[in-house]
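Here's the structure, in structure tokens; my notes come after.
What follows draws every value from the coordinates through simple rules; no lab data is involved. Every value quoted in this text rests on a predicted model; they were computed, and no experiment measured them. Ideal geometry is used to build each Cβ from the backbone, glycine not excepted, and the neighbour counts take in all protein chains shown.
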Amino acid sequence: MNEQRVAELIRELLVEIGEDPDREGLVRTPLRVARAYAHLTSGYRTTADEVIGGAVFASEANNMIIARDIEVYSLCEHHMLPFFGRCHIGYIARERVLGVSKLARLVDSFARRLQIQERLTAQIARAVMDSVNAEGVGVVMECRHLCMMMRGVEKQNSVMTTSSVLGSFHNQSATRIEFLNLIGRGRGA
């Protein structure tokens, strides 16, 4: 990303919305925004393989492994406004497991792009599945969208929930129900 060019564009945006980019509080804003966007879109400059690195370990585990309540922050691709919430990931290992911090890093890698929650959920599930050749994977994401809270319908308490289930989580209802119960979302599953 060309940080200087983005800063110039933000300066132009400030002028277009009726602001004075030379006033004291805004002089450094274009550069700060450019640096913020570099961070918030850093997922474009990394791959799942790079995130995981060598953190795949041999294991005899064939039970369900779950990481709950992973914070997620992303930008909606429709309005470039934030959405944020929690991601829950479960998988059944075969012979390999992921280092636990890599689950959170995978979430960040895909979330730090312009996204829709539905695709983000599916990308995380596919990356986990592929990285350890899991028997099955389940991902549930619950997020609040500022594009729905600050503009448009302005619904402050709305939460969007998405899920992606692969392998045994998709094919076996008992596995899916166990996952949902373990993350506390199985009521009425």
Name the residue farthest towards the positive end of the dipole of the chain from the options 6, 40, 160, assuming +1 on Cβ of Lys and Arg, -1 on Cβ of Asp and Glu, about the Cα centre.
160
No solvent, one uniform scatterer per C-alpha: report log10 I(q)/I(0) for the chain via the Debye equation at q = 0.11, 0.12, 0.19 1/Å, two decimals.
-0.57, -0.66, -1.24
In Hz, Karplus ³J(HN,Hα) per residue of segment 50-56 (6.51, -1.76, 1.60; θ = phi - 60°; x = Gly, Pro):
5, 5, 6, x, x, 8, 10
Taking 0.36 nm per intervening residue step and subtracting the Cα-Cα distance, what contour gain separates residue 79 from residue 63 on full extension?
1.7 nm
Nearest-0.05 FRET efficiency for residue 19 and residue 104, computed from C-beta distance (R0 45 Å):
0.75
Using Cβ counts within 10 Å as a stand-in for footprinting exposure, how do 179, 57 rank, fewest first?
57, 179
If amide hydrogens are placed 1.01 Å from N in the peptide plane, which non-local residues have theirs closer than 5 Å to the one on residue 59?
96, 97
Only four residue types carry charge here, +1 at the Cβ of Lys and Arg and -1 at the Cβ of Asp and Glu. Report the dipole size of segment 48-182 about the Cα centre in Debye, rounded to the nearest 20.
280 debye
Value at 222 nm in deg cm²/dmol, rounded to 500, when DSSP H runs of n ≥ 4 in the chain each add -39,500 (n - 2.57)
-12000 deg cm²/dmol
Just to confirm the number: angle between the C-alpha axis of helix 100-111 and the first principal axis of the chain, 0 to 90 degrees, nearest 10?
40 degrees
Determine the percent antiparallel among the DSSP beta bridges restricted to the chain, to the nearest 5.
95 percent
